[in-house]
Ligand SMILES: Cc1ncc(COP(=O)(O)O)c(C=O)c1O
């Protein structure tokens, strides 16, 4: 039955690519878009279940993509849903037909809200995490005398943006430094507590760091900010779509993420959650037409004409993840990460930067492969082994980064570890 569903979705996919502007596509409506076709993960899914998940992606077999922290592949059904919607607009670009893709955009907003346990009125569909972070740093009225407290291991769209806006608007930026290896949740709560003053207006930190996968204590830090009268911006680029994120528990004021990373959605779509508590405090930096229909999207999402087909692909990705199950996805990514961390630690000469304790790290493993040239190793893994990963500059916890996800198989991890071990003994 499961195989049948996957095969059927592949046929649909092939057909969609073969057909150009047929009458069938003319009547695109959300209920007619291809649906996902994977069954819920059982309580203790085996490798056969994950193989079926892997087969729902269009990457060729044997291609080990261990780079989710950078960009994820989409399953066939997501590619097909976005393609179907895009073709519909090109077949019939009338306002009447585009109203249907707009409905798809609003459906994605509702799915995002359900997945994050918040309301559609609090969701802005953006282009990516970078844009989401900048909507916040450009949209709040901070002035000389105000302070923003950032974390040194944030992405440039967070830290560089805050520094640039501090120069422009005259407020001050203070920094909590990262420590490696991860010194524990309490350490970071204390570090932020010590630096918050009566002038702190916002703290900005990353849920899971892209560098080494450090997990920050989001709930505690957001509570700390609230208790001190400051706002919180949580960068969720590396948690959204891999950890089972429940914003009703974490209670940030802002949370950002990208569809093209862990959610496996269409490229150049993302999200910004804006808590209803702060709707009155943030102003739009872009003022144009074509906003979203509800809540804060009516003001913060008026960016002019959008690629609503990509947003529909985002919705299909959320459907796919929901069908597998958020809890199962998190467990699988953590299991594969743990496997990698343990096995890499066993290789002579390899130093793993990522903490082994799953309460301190998730889904990202960074390591220094002894004295090997990391660029050459990165290239050899891709060209000779069909393994995709990322490099890290030598200046800061340098080396390679693997970030496995629920579409990876244990055999991908075994191959990656065996290849690193081999190159460590033979050289690249
Ligand atoms: C923590 C973090 N924030 C923001 C971003 C930016 O994401 P995007 O390029 O999708 O805007 C990244 C990208 O890797 C990231 O790791």
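The values are calculated or read from the model by the stated rules, or taken from the named source; none is laboratory data. Predicted model only: the values in this text are computed from it and were never measured. All Cβ positions, glycine included, derive from the backbone under ideal geometry; neighbour counts span all protein chains shown.
Quick check on residue 362: is it within 21 Å of residue 261 (Cα to Cα) and surrounded by fewer than 21 Cβ atoms within 10 Å (Cβ to Cβ)? Considered against the rule, which asks whether it is within 21 Å of residue 261 (Cα to Cα) and surrounded by fewer than 21 Cβ atoms within 10 Å (Cβ to Cβ), residue 362 comes out as no. Within 26 Å of residue 227 (Cβ to Cβ) and within 16 Å of the ligand (Cβ to nearest atom): is that true of residue 190 in this structure? Answer is no for this residue. Of the residues making up the range 72-102, those that are under 27 Å from residue 333 (Cα atoms) and outside any helix (DSSP H, G or I) are 72, 73, 74, 75. When residue 314 is tested against the conditions (1) within 16 Å of the ligand (Cβ to nearest atom); (2) over 22 Å from residue 104 (Cβ atoms), the lone failure is (2). Please indicate, with yes or no, whether at least one residue in the range 262-277 is at pLDDT 95 or above, over 17 Å from residue 69 (Cα atoms) and within 14 Å of the chain's Cα centre (by Cα). Scanning the range 262-277 turns up at least one residue that is at pLDDT 95 or above, over 17 Å from residue 69 (Cα atoms) and within 14 Å of the chain's Cα centre (by Cα). Count of the range 88-107 residues, restricted to those that are exposed (fewer than 15 other Cβ atoms within 10 Å of the Cβ) and within 23 Å of the chain's Cα centre (by Cα), is 0. Looking across 257, 229, one residue alone is more than 16 Å from the ligand (Cβ to nearest atom) and either in a strand (DSSP E or B) or modelled with pLDDT of 95 or more (or both). It is 229. With respect to (1) crowded, with 16+ Cβ neighbours inside 10 Å; (2) under 21 Å from the mean Cα position of the chain (by Cα); (3) under 24 Å from residue 325 (Cβ atoms), the lone exception for residue 110 is condition (1). Selection within the range 265-278: residues that are over 12 Å from residue 112 (Cα atoms) and away from the ligand (no atom under 13 Å from the Cβ). The member of this set that is surrounded by the most Cβ atoms within 10 Å (Cβ to Cβ) is 274. Residue count for the range 60-75, restricted to those that are in contact (Cβ under 8 Å) with a residue 24 or more places away in the chain and surrounded by fewer than 23 Cβ atoms within 10 Å (Cβ to Cβ): 7. Against the test of being closer than 17 Å to residue 314 by Cα and without any contact (Cβ under 8 Å) to a residue 60 or more places away in the chain, the options 113, 99 yield a single qualifying residue, 113.
All but one of (1) over 18 Å from residue 108 (Cα atoms); (2) more than 16 Å from the ligand (Cβ to nearest atom); (3) surrounded by 24 or more Cβ atoms within 10 Å (Cβ to Cβ) hold for residue 301; state the number of the condition that does not hold. Answer for residue 301: the failing condition is (1).
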